[in-house]
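Read-outs throughout are calculated quantities, based only on the coordinates presented, and are distinct from any laboratory measurement. Note that the structure is predicted; figures quoted are calculated from it, not measured. Glycine also receives a Cβ, built like all others from the backbone with ideal geometry; neighbour counts cover every protein chain displayed.
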Amino acid sequence: MTPDQILEHCRDLSSQPLGAVAERWKATHPGGRVVAAYPVWAPAEIIHAAGMLPLALLGGGTSVELTHADARFQSFVCSVAKSSLELGFQGIVKGVDGFVFSNICDVARNLSSIWKRNFPDAFVDYLHLPQNSTSPGVPVYAANELRRLAAGFEQAFGLKVTEPALAKSIEIYNALRARLRALYAFRIAEPQKLSTTDLYAALRAATCVPPEEAIGWLDALLAALPLRDARPRDRLRVVVEGAFCEQPPLGLLEVLEEAGCYVVEDDLLLGWRWFTSDVATDGEPFERLGAAYVNQAVPSSTRHEGREHRSAGLIEKVRRSKAQAVIFTPAKFCEPALFDYVLMKQGLERAGIPHMIVEFEEKMWTFERTRNEIETFVESMLFD
Amino acid sequence: MPAQVTERQYQGKVHEHSRRLMSDWMGRLSRAEAEGQPTGALMISGNCVELLLACHILPMFPEVTALQNAIRHKSLPLILKAEQAGYSSDNCAYVKADIGLFLDGGMGPGKPIPFPTITVCNYVGCNVYVKWFEHLADLSGSKLFMLDVPFARTPGEPTQADVQYVVAQLKELIALCEGITGRKFDIDELREILGYAARAEEGYARSKDLCKAHPAPFDAYFDAINMMGPINVLRGTKEAAEFFDVAVAEFEELVAQNLGPLSEERFRIVVEGPPPYPYYKNFRNLFAKWGAVAVASTYSTVGGIWEWGFRHDARRPLESIAEQMLRENLTNRSITARYQQIKRYVEEWEADALVIHSIKSCRLFSAGQGDMRDYFTRELGVLTLLVESDLEDPRYYAEAQLRNRIDAFFEALEHKKLVVGAAGRRGAGALPSEATV
Ligand code: SF4
Ligand code: SF4
């Protein structure tokens, strides 16, 4: 298959409503269960080890009109929280049996229990992911929290999460993440051959199918991409930072590139690429996963990294991807992203890295102003 | 509208006493740097102030600084300074006012608000705390200790493992503090401090319990603020324990005389959400003129929920500190657990209505309060008013709009009371929910 055919398949997969994705999988897995995780990170390995399908609950994008959720959440709350709840009210997630939220921010925290109250038939769990990343007891605590989640699944769905199954799932997700890392590395090397909208299509589709299936077409894509014919252009290499939870509209990603950028790093769907290296493959699997959460997590605005400054991870990304600038893309009203923006921007300024900010909402549909701003920024950099 | 309701201003004594204690503490804080007294920044909610006291570290609370600046109408220029530096108009304004104070030259070496020697982020539910203290540690250069407290998410909590997880971190914090002060930690000193803490908690709980009286002896939202300094900031000191002895005696006396904060208690309300500090008095007046008295409030429990009986326990010092942080405060509980807290208030304190003050800054409190209103009106039939402003940023306080909504609500409530009328005093459940404004 050509990259275009694979990517077409990916776009098709991720354009389906979440409930339809769940039902389609269930049609071939009678009695199977589906669990969707709200951003940023949840242990898909555990869901998979239970024989269930892990999916991503990512809001309604441009497709859903709010008719119920805006009466529950005020105007100053981000879109992804509201539109995710709306998916529940409109029955668009029917077929998904469980939902996992975590302590990424105060909105997600409240959303979790409001979800539970409004949809009492669904399984809902709220993971407490440690914000302390340096004390000795933290990895053990994290492992216990993951065990608690697994026990919740076992009780709710009458299934088992065995250690061998979890060990196997860790291997499979290691393999999936290795492919995704390879795609990102490829884009750093040859961004002209893999646009961000293409990369995003592959990434997003990987959240809609079992990992084994995604690995299949990711391998095909990785093999075919280098053969693509595209010449490098004179564009600004940028890191996009801030879209780790609410996902920007595709139009915004397009505009970024059309306005003269190569996006060489980003934090889109960060939770599905959470670990910087493979989770260890021997030892008790819950402990390995817990320790990896604490010690191998990517820098993220939703997690306190006690060992380094907020900007360190971002600066490292800039250096590693040979980027020339950073474009901050916080979702409107997203407190973690908006707070981090200040410390990150100060760090970039100390390091002499130029930056700009573009706020977005998942439903944003006109991009002309943004296009002009980015073009001006790019011009000021390229023709300086 | 019936005859004018007036304020009795009885609360002078408790208010004055609290003010004196708080300004003594502020005085010590302003002298700390000159006297070589180490300081520790802490958050109000579910804090471990007793531990810092036992470590001879003077606690300081950026939230208190922020609210004091708001009450003194000084918050807006500070917020604007922070926004100029890159903070968003959508970030919690408490943080912005605090950072703005630094940018304005009002915090740091040689200033009345010193830099903390250590920044202890007691992460109990509010994710903004993590950000705030990262920023504070960044600008002050002080050591940041992130005390991770598992969120209260299942009914069987806190588990022994949760308690031990927090205790292990508390021990780490003690070692850090010993390093700062060069002084050995003495567990007996902590026990004594916890004894004082428990006495203050008992007094605070008793004061709130007295608000079950008709009329309530004080306003458990607007006047409770006088007790929140002693209970959250000074808890563990002898002075705070004695403050509550005095307060309880005074409130008991008022109950005996059938006196409340207003000339007449016409409506008993439960208030959810923080107050608008920049317009505290104005906001209060909007309710007082209707004879509405808060008999219970959620804001008064951010630091700790003492009314259901939990006390620090000198026999289990670190464990009981951990338990309080884990479970016995509003912030580390879910919003739906708060629905149950409010429900109890409405029932046991015999309230007529629920007032939700929705705060733009504080998504911890407010994100999803529409769902809360839905629960109370639709499922419980409790009359509920939802109004919006902010606790720190005066730009979000629209008095005319608030007045219209509050007046319309109490008019409806009054009408319902008349209709339900002669059958005697009614609990909230007796009033149909369609009167919701
Ligand atoms: S977009 Fe930001 S504020 Fe909204 S749920 Fe996600 S992390 Fe929280
Ligand atoms: S979000 Fe709310 S609880 Fe958190 S710091 Fe701001 S005002 Fe306080």
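The simple spin-label model puts a point 7 Å past each Cα toward its Cβ; for B:Lys13 and B:Glu252 those points are separated by 1.2 nm. For chain A, a simple Cβ point-charge model (Lys and Arg +1, Asp and Glu -1, everything else neutral) yields a dipole of about 420 debye relative to the Cα centre. Of the residues A:His48, A:Gly88, A:Thr370, the one whose Cα sits farthest towards the positive end of the charge dipole of chain A is A:His48 (charges of +1 on Lys and Arg Cβ, -1 on Asp and Glu Cβ, taken about the Cα centre). Here the Karplus curve 6.51 cos²θ - 1.76 cosθ + 1.60, taken at θ = phi - 60°, turns the phi angles of segment B:243-254 into couplings of 4, 6, 4, 5, 4, 4, 4, 5, 5, 4, 4, 5 Hz, with x standing for Gly and Pro. In order along segment B:295-312, the Karplus-derived 3J(HN,Hα) couplings, from 6.51 cos²θ - 1.76 cosθ + 1.60 at θ = phi - 60°, round to 9, 7, 8, 7, 4, 5, 10, 4, x, x, 9, 9, 5, 9, x, 5, 9, 4 Hz, and Gly and Pro are given as x.
Could you compute the FRET efficiency for A:Leu227 and A:Glu308, with r as their C-beta to C-beta distance and R0 at 41 Å, rounded to 0.05? Walk me through the numbers on the way to the answer.
On the way: r = 39 Å, r/R0 = 0.96.
It comes to 0.55.
Taking every residue in B:142-155 and counting other chain Cβ atoms within 10 Å of its Cβ, the average works out to 5.
Of A:Ala214, A:Ala291, A:Val255, whose Cα points farthest to the positive end of the dipole of chain A (charges on the beta-carbon: +1 Lys, Arg; -1 Asp, Glu; origin at the Cα centre)? Farthest towards the positive pole: A:Ala291. Peptides A:191-197, B:47-53, A:15-21 ranked from most to least packed give B:47-53, A:191-197, A:15-21, packing being the mean of other C-beta atoms within 10 angstrom over each peptide's residues.
Reported to the nearest whole Å, the Cα centre-to-centre distance from segment B:60-90 to segment A:158-214 is 44.
From helices alone, chain B scores -15000 deg cm²/dmol at 222 nm; the rule is -39500 (n - 2.57) for each run of n ≥ 4 DSSP H residues, then divide by the residue total. Take the alpha carbon gyration tensor of chain B, find the square roots of its eigenvalues, order them as a ≥ b ≥ c, and report rounded if a/c is under 1.5; if not, report prolate when a/b exceeds b/c, else oblate. Since a/c reaches 1.5 and a/b is larger than b/c, the shape of chain B is classed as prolate.
Mean residue ellipticity at 222 nm from the helices of chain A, using -39,500 (n - 2.57) per DSSP H segment of n ≥ 4 over the full residue count, to the nearest 500 deg cm²/dmol?
Working: 15 runs with 190 residues, N = 384.
Estimated from H runs of four or more residues: -15500 deg cm²/dmol.
By DSSP, what percent of the beta bridges with both residues in the protein assembly as shown are antiparallel, rounded to the nearest 5? Could the numbers behind the result be given before it?
Numbers: 2 of 56 bridges.
About 5 percent, rounded to the nearest 5.
So, by mean Cβ neighbours within 10 angstrom, what's the order for B:319-326, A:150-157, B:188-195 with the highest one leading? All intermediate terms of the calculation are to be shown ahead of the outcome.
Values: B:319-326: 23.6, A:150-157: 16.5, B:188-195: 18.5.
Averaged packing, sorted descending, gives the order B:319-326, B:188-195, A:150-157.
Looking at segment A:13-164 alone, DSSP beta bridges between its own residues are antiparallel in about 0 percent of cases.
For segment B:12-422, the Cβ-based charge dipole about the Cα centre amounts to some 520 debye (Lys, Arg positive; Asp, Glu negative; other atoms uncharged).
Comparing Cα centroids, segment A:21-83 and segment B:122-145 end up 31 angstrom apart. With respect to chain B, whose longest principal axis is taken over its alpha-carbon atoms, helix B:187-210 is tilted by about 10°. If you run the Gaussian network model on chain A, springs between alpha carbon atoms under 10 Å, then out of A:Pro336, A:Pro232, A:Pro210 the most flexible one is A:Pro232. Specify whether the C-alpha gyration tensor of the protein assembly as shown places it in the rounded, prolate or oblate class, a ≥ b ≥ c being the square roots of the eigenvalues: rounded for a/c under 1.5, otherwise prolate if a/b is larger than b/c and oblate if not. In terms of gyration-tensor shape, prolate. Unpaired Cys in chain B, meaning no second Cys C-beta under 4.7 Å: B:Cys48, B:Cys92, B:Cys121, B:Cys126, B:Cys211, B:Cys362. Put simply, the amide H of A:Asp266, placed in the peptide plane, has neighbours under 5 Å in A:Val240, leaving out anything fewer than 5 places away on its chain.
Mean partner shielding of peptide A:100-107, defined as the number of other chain Cβ atoms within 10 Å of each residue Cβ, is 5. Net charge dipole, segment A:13-164: roughly 140 debye, given to the nearest 20, about the Cα centre with Cβ charges of +1 for Lys and Arg and -1 for Asp and Glu.
For chain A, the longest principal axis of the Cα atoms and the long axis of helix A:163-189 meet at an angle of about 10 degrees. Rounded to the nearest 5, the antiparallel percentage of DSSP beta bridges internal to chain A is 5%.
Think of the protein assembly as shown as a dipole: +1 on every Lys or Arg Cβ, -1 on every Asp or Glu Cβ, centred on the Cα centre; then among B:Val246, A:Gly32, A:Ser277, B:Val246 lies furthest on the positive end.
The long axis of helix B:93-103 is offset from the longest Cα principal axis of chain B by roughly 40 degrees.
Would you mind giving the mean number of other chain beta-carbons within 10 Å of the Cβ of each residue in B:128-137, as a whole number? Before the final figure, lay out the partial values.
Values: counts 5, 2, 9, 11, 1, 1, 8, 6, 0, 0.
Other-chain Cβ atoms within 10 Å of each residue's Cβ, averaged: 4.
Only Cα pairs under 8 Å and 6+ residues apart enter the sum, and on that basis the relative contact order of chain A stands at 20 percent.
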